[in-house]
Amino acid sequence: MDIPQSSLRFAYTILVSSFFVFLSYVLDRPINGHKLSIGRFCLFGAYDIKYKATVFSETYTFTFTAASLTWRFHLPSASNPRWCTLTCDSIFYTSTTGDISTASLETILWFFPVFFRQTAGPWANITIDGLRIRVHRSTETPYFIQRLRENLVGTFLTGEVLRADVFRTTFRFAGLSERPEEKPVGKYCTKPLTAHDDDEMSFAVLARGLHINNREGRIYTFGRIDSQIRRDWVRDRGSLALVAEECRWVHVYFPFEYVAPRSGFTSLLSSLFHFPIDFVRTFNYPVSSTNLYVTRLDVTFDRFRLRDAELLKQGFSLVQEKSITSGIDWSDVFFDAVMHACKPADEPQPEDGDGRDDD
């Protein structure tokens, strides 16, 4: 299994940055845009962690803080084959494009998970308690959040829905067709509330007990999803908010991976022989070797353009692809126009003060 050049460059960048971070901590001063400080360090943990960096030719600045990072080592056993537990509390990540915070993050590292049949292959289980993500503009979505959106929307469009207790969508125009009303101004005076004062569109999605198979060896489960896109025509700006609870992203076996139980020695040899493959796969796609559980997820886009909605972009691309593979002779003018509208605009973004999104 080959390692892509992009992964090698990424690994090189990580190694160089790690060296600068370590040097910054030892010398207690910024080194090449990196500055790490730790309030207290002991054998099993670090406390009051603060890391600040400026990267990408000084165009991107971020700050990472955590109250503590602790680690505990364990002796693996057949009933509990974990060898290390990492816990990080009160995480705050702020950057020029968005903010992320969580109450706690726990990572459990498994010892030969396939051999002990603890998981379906992932080497780590990650549990996040209270994940909050805030993005300032949809045109400047952080890379890892954009990849998460693409993966989730792709799963909804092409995956197999295994269970959906409740699924409901709501589309509403407010103020465009409602009759004017009287609203109080001050203590005694009133003035007409015209439709122009509250012209907005909202699209909401509600789901309960949703289980989806993405057909790539992953099962998504959500206990609750509430999402809403709002578009204010008066202020010419939009926003997006999503709340999800009991979110799981779990790897499952493919049908061809179901094999009869083998002896312990044979299973151990198989695990050892597959370790290099797992290592390369993890190096190329780190999330492929993890199971993820999030107790609650809150996502907010302060300024969201409809043309940046991942559902629209992937949805119209899927319709166009299906029409071509099905041999339907439709004109491409409609699809080209829609895809052009969904592409990010090249014009410069407005300043924060003018309140416009160029939607």
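A quick yes/no check of all residues on (1) in a strand (DSSP E or B); (2) at pLDDT below 90; (3) open to solvent by 30 Å² or more (accessible area, probe 1.4 Å):
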{"site": "Lys183", "(1), (2), (3)": "yes, yes, yes"}
{"site": "Thr190", "(1), (2), (3)": "yes, yes, yes"}
{"site": "Phe203", "(1), (2), (3)": "yes, yes, yes"}
{"site": "Arg208", "(1), (2), (3)": "yes, no, yes"}
{"site": "Arg215", "(1), (2), (3)": "no, yes, yes"}
{"site": "Gly223", "(1), (2), (3)": "yes, no, yes"}
{"site": "Val234", "(1), (2), (3)": "no, yes, yes"}
{"site": "Val259", "(1), (2), (3)": "no, yes, yes"}
Given (1) farther than 19 Å from Tyr143 by Cβ; (2) modelled with pLDDT under 90, index of the condition Ser95 fails: (1)
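Condition test on Asp278, is it of a type in the set (D, E, K, R) and at pLDDT 70 or above?
Spelling it out, Asp278 is indeed of a type in the set (D, E, K, R) and at pLDDT 70 or above.
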Evaluate the following for Thr54: is it touching a strand residue (DSSP E or B) at 6+ places or on another chain (Cβ under 8 Å), within 27 Å of Leu297 (Cβ to Cβ), modelled with pLDDT under 90 and surrounded by 11 or more Cβ atoms within 10 Å (Cβ to Cβ)? no
Out of Thr59, Thr63, Thr85, which single residue is over 30 Å from Phe116 (Cα atoms) and either touching a helix residue (DSSP H, G or I) at 6+ places or on another chain (Cβ under 8 Å) or open to solvent by less than 60 Å² (accessible area, probe 1.4 Å) (or both)? Thr63
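Are any residues in region 100-151 small (Gly, Ala, Ser), out of contact with any Gly (no Cβ under 9 Å at 6 or more places or on another chain) and crowded, with 19+ Cβ neighbours inside 10 Å, and if so, which ones?
Let us first name the residues in region 100-151 that are small (Gly, Ala, Ser), namely 101, 103-104, 120-121, 124, 130, 138.
Subsequent filtering for residues that are out of contact with any Gly (no Cβ under 9 Å at 6 or more places or on another chain) retains 124, 130.
Within region 100-151, Ala124 is the sole residue that qualifies.
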Within region 123-136, residues being assigned to a loop (DSSP other than H, G, I, E, B) and within 22 Å of Arg149 (Cα to Cα) number 0
Starting from residues that are within 21 Å of Cys84 (Cβ to Cβ) and open to solvent by less than 60 Å² (accessible area, probe 1.4 Å), keep the ones in region 22-46 and report whichever is farthest from the chain's Cα centre (by Cα). Cys42
Is it true that Arg172 is part of a strand (DSSP E or B), within 24 Å of Met201 (Cβ to Cβ), open to solvent by 50 Å² or more (accessible area, probe 1.4 Å) and not hydroxyl-bearing (Ser, Thr, Tyr)? yes
Kindly indicate which of Ile49, Ile108, Ile128 is at pLDDT 85 or above and within 30 Å of Leu272 (Cα to Cα). Ile108
Within region 281-300, restricting attention to residues that are charged (D, E, K, R) and either surrounded by 17 or more Cβ atoms within 10 Å (Cβ to Cβ) or assigned to a helix (DSSP H, G or I) (or both), which residue is modelled with the highest pLDDT? Arg296
How many of the residues in region 76-108 are in a loop (DSSP other than H, G, I, E, B), of a type outside the set (Ser, Thr, Tyr) and in contact with a strand residue (DSSP E or B) (Cβ under 8 Å, 6 or more places away or on another chain)? 2
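The values are calculated or read from the model by the stated rules, or taken from the named source; none is laboratory data. If you're wondering where the values come from, they're calculated on a predicted model, not measured in any experiment. With ideal geometry, Cβ positions are generated from the backbone for all residues, glycine too; neighbour counts draw on all protein chains shown. Areas reflect the complete protein model, heavy atoms only, side chains present, ligands, DNA and RNA absent. Shrake-Rupley method; radii C 1.70, N 1.55, O 1.52, S 1.80 Å.
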